[in-house]
């Protein structure tokens, strides 16, 4: 019995240590979530202005021949998947990898010549590597507060290879941030782009050398901006998912400690009762 009680006490101590870790991770994730939301909000003015300018130019260039606006037969698709470098984030990574595999099975009949994958994050990279899927380019080690420079190359190549017709569409798969408790896997076709439609009164600009030349420069940057905006949302979703997962782990640890403490107290009470019974039996034997 004493050995069993020692094991229970050891288990209680272990769970208490785990609870301290999960609680600390929950608090860290909450702080990082707040910063990630602030970064996403800070990036919006640039994205909004870029969209305004592109819309103004595109609406004035009805017959634009820019490669990013031209629909062509879909022979090959590129997927840009955003995951995390670390786990312990609930279903964050499983959601995007599951959605990617679902799209591949629905659209490609397991023919790896029909698609390629860009992947951001170590978890996604390892997942696709184990399944021998064609990874064209990868980026890992993204900072908790990402900068555009972190994904500049992969975003540039994703757009450039589309222009070179190495594939015919680019689909972005990431976790859309709804709130701290809710994140959902989302897919968004980045390329080819639909010409932005002007809404309401738009600002008039003068362009040099010509609107079409300016559009040729701005459209790739606009596509890259959409990728970076999705990355910021993905980071916020990661921290929200991790905060929720660690919060649930902390609650489960608390319940487990209560259950183990109750078991320990019952075992201790049984041991005391047994000792009293042995003392009384020994006293009666002497009389």
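A short reminder: the numbers here are calculations on the coordinates, not readings from a lab. Computed from a predicted model, the values in this text were never measured in an experiment. As a convention, Cβ positions derive from the backbone with ideal geometry for all residues, glycine included, and neighbour counts pool all protein chains shown.
Numbers for the structure displayed
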quantity: Ratio of Rg to Rh over the range 121-252 (Cα coordinates, Kirkwood Rh, two decimals); calculated: 1.05
quantity: Folded to 0 to 90 degrees: helix 92-108 orientation relative to the chain principal axis, Cα; calculated: 50
quantity: Label-point gap, in nm, between residue 103 and residue 286 - each point 7 angstrom along Cα→Cβ; calculated: 8.3
quantity: Average silhouette area of the range 1-41, convex hull of alpha-carbon atoms, in square nanometres; calculated: 2.6
quantity: Stokes-Einstein translational diffusion, the range 1-134 - Kirkwood Rh over all Cα pairs, 0.692 mPa s, 37 °C, in µm²/s; calculated: 164
quantity: Per residue, the convex hull volume that the Cα atoms of the chain enclose (Å³); calculated: 161
quantity: Calculated P(r) of the range 24-97 - Cα pairs past 14 Å, %; calculated: 79
quantity: Order by protection proxy (mean Cβ within 10 Å, highest first), peptides 246-256, 220-230; calculated: 220-230, 246-256
quantity: Using alpha-carbon coordinates, inclination of helix 148-163 to the longest axis of the chain, degrees; calculated: 50
quantity: Degrees, to the nearest 10: 2-60 long Cα axis against longest axis of the chain; calculated: 10
quantity: Residues 214, 119 arranged by fewest to most Cβ contacts within 10 Å; calculated: 214, 119
quantity: Computed over the range 219-287, Cα set: Rg, Dmax in Å; calculated: 29.7, 102
